[in-house]
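Some notes on the structure that comes next.
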Amino acid sequence: MFPRMRIHLTYTKRNGEFDALMVERDAGTLHIDCPKQRVLPHDMLHYVAMSVLAERGLLNGFGGSAKMIVASLVETLQAALWSGAGEIADLLRLFRATCRARGSAPPEFSLQSMERACKMALAFDRHWRGLETGETMTMSLPV
């Protein structure tokens with residue numbers, strides 16, 4: 001049995017046009033500049049999407065289309081943050097339509113799952129907006 005690894009993600013709010021992301025894993029550390037946007041960093045939405053899909057077992061068995069499903073949920077959550085959230089049922093329809101537009105069959109993702117994803121994204125967004133320059137948010141992903 002292989003030991004379970006973790007990836008640690010540290011987002012740092014910076015001055016200027018970019019915030020920072022440091023990805024730490026067994027293979028080393030990677031530093032990424034994240035273009036600023038009015039809402040939380042786009043890459044943090046990938047963490048939200050992967051977390052919610054994984055905890056519901058929805059990344060297993062989708063092979064290469066799992067990337068398209070994650071990207072579809074990221075786009076849906078980003079649209080929700082930019083527009084001020086919206087109705088959960090409308091966001092679920094948008095997610096399903098986005099999956100189909102990317103050529104992936106939408107997974108069985110319930111209203112409760114979409115609500116969980118939206119609540120997580122909104123909580124992260126509120127926390128991120130409250131950070132001062134130089135402050136960080138750290139999270140981990142099991143691999």
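The values are calculated or read from the model by the stated rules, or taken from the named source; none is laboratory data. None of the values given here were measured: they were computed from a predicted structure. Here Cβ is always computed from backbone atoms with ideal geometry, including for glycine, and neighbour counts include all displayed protein chains.
Every residue, every condition in (1) among the β-branched types (Val, Ile, Thr); (2) at pLDDT 85 or above; (3) in contact with a strand residue (DSSP E or B) (Cβ under 7 Å, 6 or more places away or on another chain), yes or no:
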position: Arg4; (1), (2), (3): no, no, yes
position: Phe18; (1), (2), (3): no, yes, yes
position: Arg25; (1), (2), (3): no, yes, yes
position: His31; (1), (2), (3): no, yes, yes
position: Gln37; (1), (2), (3): no, yes, no
position: Thr76; (1), (2), (3): yes, yes, no
position: Gly84; (1), (2), (3): no, no, no
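Going by what's in this entry, would Lys67 be described as more than 21 Å from Thr12 (Cβ to Cβ), without any contact (Cβ under 8 Å) to a residue 60 or more places away in the chain and of a type in the set (Lys, Arg)? Answer is yes for this residue. I want to confirm something. Restricting to segment 74-109 and keeping residues that are in contact (Cβ under 8 Å) with a residue 40 or more places away in the chain and farther than 17 Å from Asp125 by Cα, which single residue is surrounded by the fewest Cβ atoms within 10 Å (Cβ to Cβ)? Among those that are in contact (Cβ under 8 Å) with a residue 40 or more places away in the chain and farther than 17 Å from Asp125 by Cα, it is Glu108. Taking residues in segment 27-54 that are surrounded by fewer than 21 Cβ atoms within 10 Å (Cβ to Cβ), and partners anywhere that are among the hydroxyl-bearing types (Ser, Thr, Tyr) and at pLDDT 90 or above, the pairs with Cβ atoms closer than 8 Å and at least 6 places apart or on different chains are Cys34/Tyr11; Asp43/Tyr11.
Residue count for segment 19-50 under the criterion of being over 15 Å from the mean Cα position of the chain (by Cα) and in a loop (DSSP other than H, G, I, E, B): the result is 4. Determine whether segment 111-126 contains at least one residue that is part of a helix (DSSP H, G or I), among the charged types (D, E, K, R) and either surrounded by fewer than 12 Cβ atoms within 10 Å (Cβ to Cβ) or in contact with a His (Cβ under 9 Å, 6 or more places away or on another chain) (or both). Yes, because at least one residue in segment 111-126 is part of a helix (DSSP H, G or I), among the charged types (D, E, K, R) and either surrounded by fewer than 12 Cβ atoms within 10 Å (Cβ to Cβ) or in contact with a His (Cβ under 9 Å, 6 or more places away or on another chain) (or both).
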